[in-house]
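The values are calculated or read from the model by the stated rules, or taken from the named source; none is laboratory data. These numbers were taken from a predicted model, which means no experiment stands behind them. Cβ placement follows ideal geometry from the backbone for every residue including glycine, while neighbour counts extend to all protein chains displayed.
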Amino acid sequence: MARMKFICDAERCIECNACVTACKNENEVPWGVNRRRVVTINDGLVGQEKSISVACMHCSDAPCMAVCPVDCFYRTDEGVVLHDKDICIGCGYCSYACPFGAPQFPSNGTFGLRGKMDKCTFCAGGPEENGSKAEFEKYGRNRLAEGKLPACAEMCSTKALLGGDGDVVADIFRDRVVHRGKGSEVWGWGTAYGNLPNPKAKPAPEKKS
Amino acid sequence: MMRALLIPALMLALYGCGEKSQSQADARDSGDQQAYQGAHDPFVTKGWTAGNKAEWERHMRARTQAQNEYVHINGS
């Protein structure tokens with residue numbers, strides 16, 4: 001099986017925030033933590049406004065994993081980047097390394113203590129027994145082990161957010177681009193998965209003043 | 001009587017002072033169960049058998065494909 005991947009189609013996202021709500025509800029994410037959020041650019045500019053749903057992209061070469069001083073991250077066979085909260089020390093290095101701002105830190109403890117990192121798990125739980133109470137309380141629901149896809153993608157009304165087997169997701173997106181004749185650039189895809197849209201592209205030569 | 005109370009109290013104190021292994025080798029081997037092993041909750045979908053990797057993969061691929069509305073709405 002190919003790796004599990006997310007992509008968000010900026011041509012379709014209508015900023016309804018259903019993905020954010022679905023994620024919070026499904027995983028009972030605490031206040032102050034948003035595993036997924038919708039980012040809008042060119043807000044208010046007619047015809048130029050674009051929204052994208054952002055969470056952990058489960059990068060192929062994850063920078064969070066590279067910088068973690070206690071090595072609490074691991075990757076499942078399906079390519080999902082997960083972490084062990086029993087090992088995490090809440091240092092925050094991962095949040096500085098992540099280009100998507102995925103790692104979140106609950107700060108409702110005594111003296112504003114920064115808690116252990118929390119992030120999107122691709123609804124794959126964590127290093128506890130699948131579907132157990134301990135797994136749910138620490139990491140949220142394990143939908144993959146239930147034979148389902150992440151709640152955010154399955155709840156998306158416009159199907160802007162796609163999640164699942166990377167090959168199938170890429171095929172669906174390619175189909176759309178062919179039908180509408182535009183929009184082949186997927187935000188975050190190259191950054192997370194190392195597939196540059198135009199690998200032969202070179203930076204423009206500097207202008208001499 | 002005192003001994004019966006003292007021994008559990010000492011065991012509790014020792015347990016509290018213990019610490020988990022922090023070696024990186026342990027961190028990599030997360031001990032996480034594979035998704036195809038299935039979840040022990042009542043929300044598991046039908047159409048595949050827990051523990052059967054091939055069935056789970058087929059099921060997940062079909063579920064991913066269900067997000068493609070061109071297949072089931074436009075029929076193209």
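Just name the residue that is modelled with the lowest pLDDT out of those in segment B:37-64 that are within 18 Å of the chain's Cα centre (by Cα) and more than 8 Å from every other protein chain (Cβ to nearest Cβ). Among those that are within 18 Å of the chain's Cα centre (by Cα) and more than 8 Å from every other protein chain (Cβ to nearest Cβ), it is B:42.
Can you report the number of residues in segment A:104-126 which are out of contact with any Phe, Trp or Tyr (no Cβ under 9 Å at 6 or more places or on another chain) and either buried (at least 18 other Cβ atoms within 10 Å of the Cβ) or modelled with pLDDT of 95 or more (or both)? Spell out the reasoning first.
Here is the first cut: in segment A:104-126, the residues out of contact with any Phe, Trp or Tyr (no Cβ under 9 Å at 6 or more places or on another chain) are A:104-105, A:107, A:109-113, A:119, A:123.
From the residues that got through so far, the ones that are either buried (at least 18 other Cβ atoms within 10 Å of the Cβ) or modelled with pLDDT of 95 or more (or both) too are A:104-105, A:119, A:123.
Residues meeting the conditions: 4.
Of all residues in segment A:140-181, those satisfying the criterion of being surrounded by 18 or more Cβ atoms within 10 Å (Cβ to Cβ), more than 10 Å from chain B (Cβ to nearest Cβ) and out of contact with any helix residue (DSSP H, G or I) (no Cβ under 6 Å at 6 or more places or on another chain) are A:150, A:160, A:170. Residue pairs whose Cβ atoms lie under 6 Å apart, separated by 6 or more positions or on different chains, with the first residue in segment A:3-22 and free of Cβ contacts under 8 Å to residues at least 60 places away in the same chain and surrounded by fewer than 24 Cβ atoms within 10 Å (Cβ to Cβ) and the second hydroxyl-bearing (Ser, Thr, Tyr) and not in a loop (DSSP other than H, G, I, E, B), are A:15/A:40; A:15/A:51. For segment A:40-63, the count of residues that are assigned to a helix (DSSP H, G or I), within 14 Å of the chain's Cα centre (by Cα) and at pLDDT below 95 is at least one. Tell me yes or no: at least one residue of segment A:66-82 is surrounded by fewer than 16 Cβ atoms within 10 Å (Cβ to Cβ) and either polar (S, T, N, Q) or under 24 Å from residue A:22 (Cβ atoms) (or both). No.
Of all residues being hydrophobic (A, V, I, L, M, F, W, C) and over 15 Å from the mean Cα position of the chain (by Cα) in segment A:156-198, which is nearest to residue A:101 (Cα to Cα)? Just the residue, please. Spell out the reasoning first.
Of segment A:156-198, the ones hydrophobic (A, V, I, L, M, F, W, C) are A:156, A:160-162, A:168-170, A:172-173, A:177-178, A:186-187, A:189, A:192, A:196.
Going one step further and asking which of them are over 15 Å from the mean Cα position of the chain (by Cα), we end up with A:168, A:170, A:172-173, A:177-178, A:196.
Working: A:168: 26, A:170: 24, A:172: 26, A:173: 24, A:177: 28, A:178: 31, A:196: 20 Å.
Among them, the one singled out is A:196.
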